[in-house]
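Please read the structure below before turning to the comments.
The values are calculated or read from the model by the stated rules, or taken from the named source; none is laboratory data. Keep in mind the model is a prediction, meaning the values are calculated, not measured. Here Cβ is always computed from backbone atoms with ideal geometry, including for glycine, and neighbour counts include all displayed protein chains. SASA here: full protein model, heavy atoms, side chains in, ligands and nucleic acids out. Shrake-Rupley method; radii C 1.70, N 1.55, O 1.52, S 1.80 Å.
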Amino acid sequence: ILWFYSRGRIFYTEGLPTKIISSCTNITELKNAQEKIEQLNHSLEEKVKDRTARLEYVLKELQGEIDIRKTISEELMAAKDELSDLLIKEKDLNELKSRFISMVSHEYRTPLTVILSSVSIMEMYGEKLTEKEIGHHLTKIKNSIQKMTTLLEDIILISKEEAGKIEVVKKEVNVVEICRKVLDDISYIDNKQHSFDFIHHASEYIWETDEKLLSHVLSNLLSNAMKYSPVNSTVKFEFMPGINDVTFRITDSGIGIPKEEHDKMFEPFFRCKNAENIPGTGLGLYISKKFSWLLGGDITFNSVYKKGSTFIVKLKSN
């Protein structure tokens, strides 16, 4: 006997073969099994999707944490490098302060001693001194005051330059005339102890520059050439105009610069070992270098120890 359902009605059969009945039963079970499998597959797919979504969320969270840690690590490394740089700068600053204090105390002590000595002599023996002797002491006082004033002016210039307060005022000037004025001032200070050979190819050359800054650069370089050269030697001063630039070359036959100290020549307050017994502040080249940059150029040099030095100033047109 077999009951079956078809098109909304129930039918009753009787006497069907057992094999057919068994076959129908197997088909129904198979269908039910397939439906269960599909349900399980669907349920499994949903679980996989849910687990995948959760895993992706966890991975994103983990990646975010990794990125945060990476950023923190980079910031820590940057802070470490910055701290290291600050420590180096602080060390350099402390060394600079020490050199500054040493230089100022030395450079001020000497002229002050000379002034005090000359004044004391004139006070004690003024009536006995001849006019020439009084004039000699007055010159010593004047020169000492000039040295102190120059040192103070150099320190003020450095302070202004570092604060960006030096104004560059360029205008057309006769460069040859500026060179002659600087040479006259240096020759007066030198008191004819050296010869100056000014080499140029024109009595006039018009160039747009800051006369004050250029004069300061040339004066410092010529003063150094005079100071570090033996008496009665010659300092060569060359002016060479180009198409788009001008070049100044100052050559002496003085004590020269030790090779191992070449890279320190433009540092503030630096003095070469072979120049320690010669009065100086170690500021002239530093200021000249800075001013050359402001004028759109640079200073280079070559030197042979105990044979002399050549400093070259090259300025480009605007």
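In region 294-317, the qualifying residues are those that are at pLDDT 95 or above and of a type in the set (Phe, Trp, Tyr), and the one that is most open to solvent (accessible area, probe 1.4 Å) is Phe301.
Considering the conditions (1) of a type outside the set (D, E, K, R); (2) within 17 Å of Thr247 (Cβ to Cβ); (3) open to solvent by less than 90 Å² (accessible area, probe 1.4 Å), Ser159 is excluded by exactly one of them, (2). Being under 21 Å from Tyr108 (Cα atoms) and of a type outside the set (Ser, Thr, Tyr) is a description that applies to Phe269. Considering only residues in region 182-231 that are free of Cβ contacts under 8 Å to residues at least 12 places away in the same chain, within 18 Å of Thr251 (Cα to Cα) and outside any loop (DSSP other than H, G, I, E, B), the one that is least open to solvent (accessible area, probe 1.4 Å) turns out to be Ser187. Remark: His136 matches the filter, which requires a residue to be on the phi < 0 side of the Ramachandran plot, at pLDDT below 95, open to solvent by 70 Å² or more (accessible area, probe 1.4 Å) and part of a helix (DSSP H, G or I). Only one entry in Thr310, Thr281 is in contact with a strand residue (DSSP E or B) (Cβ under 6 Å, 6 or more places away or on another chain) and either under 23 Å from His200 (Cβ atoms) or of a type in the set (Ser, Thr, Tyr) (or both), namely Thr310.
Among the residues of region 148-179, those that are under 27 Å from Val235 (Cβ atoms) and in contact with a strand residue (DSSP E or B) (Cβ under 7 Å, 6 or more places away or on another chain) comprise Val173, Asn174, Val175, Val176, Cys179.
None of Ile250, Ile287, Ile299 is out of contact with any strand residue (DSSP E or B) (no Cβ under 9 Å at 6 or more places or on another chain) and among the hydrophobic types (A, V, I, L, M, F, W, C) except Ile287.
None of Val175, Val114 is touching a residue at least 60 places away in the same chain (Cβ under 8 Å) and surrounded by 15 or more Cβ atoms within 10 Å (Cβ to Cβ) except Val175.
Residues that are closer than 27 Å to Ile155 by Cβ, without any contact (Cβ under 8 Å) to a residue 40 or more places away in the chain and of a type in the set (Phe, Trp, Tyr) occur at least once in region 249-271.
Residues checked against (1) open to solvent by 60 Å² or more (accessible area, probe 1.4 Å); (2) closer than 21 Å to Gly164 by Cα; (3) not aromatic (Phe, Trp, Tyr):
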| residue | (1), (2), (3) |
| --- | --- |
| Phe237 | no, no, no |
| Phe248 | no, no, no |
| Lys264 | yes, no, yes |
| Glu276 | yes, no, yes |
| Gly280 | no, no, yes |
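Could you identify the single residue in Glu153, Glu123 that is within 23 Å of Lys227 (Cα to Cα), assigned to a helix (DSSP H, G or I) and modelled with pLDDT under 90? Exactly one of Glu153, Glu123 is within 23 Å of Lys227 (Cα to Cα), assigned to a helix (DSSP H, G or I) and modelled with pLDDT under 90, namely Glu153. The criterion of being within 25 Å of Trp293 (Cβ to Cβ), among the charged types (D, E, K, R) and out of contact with any Phe, Trp or Tyr (no Cβ under 8 Å at 6 or more places or on another chain) holds for Asp263. Of everything listed in (1) within 27 Å of Ile278 (Cα to Cα); (2) over 28 Å from the mean Cα position of the chain (by Cα); (3) assigned to a helix (DSSP H, G or I); (4) at pLDDT 90 or above, the single unmet condition for Glu177 is (1).
Taken over region 239-295, the criterion of being out of contact with any helix residue (DSSP H, G or I) (no Cβ under 8 Å at 6 or more places or on another chain) and part of a helix (DSSP H, G or I) is satisfied by Lys259, Glu260, His262, Asp263, Lys264, Asn274, Ala275, Lys289, Trp293. Filtering Ile66, Ile101 for residues that are at pLDDT below 80, surrounded by 10 or more Cβ atoms within 10 Å (Cβ to Cβ) and of a type in the set (A, V, I, L, M) leaves a single hit, Ile101.
Which residue is modelled with the lowest pLDDT, if the candidates are limited to region 237-289 and must be among the basic types (Lys, Arg) and farther than 17 Å from Asn302 by Cβ? For region 237-289, the residue satisfying everything is Arg271.
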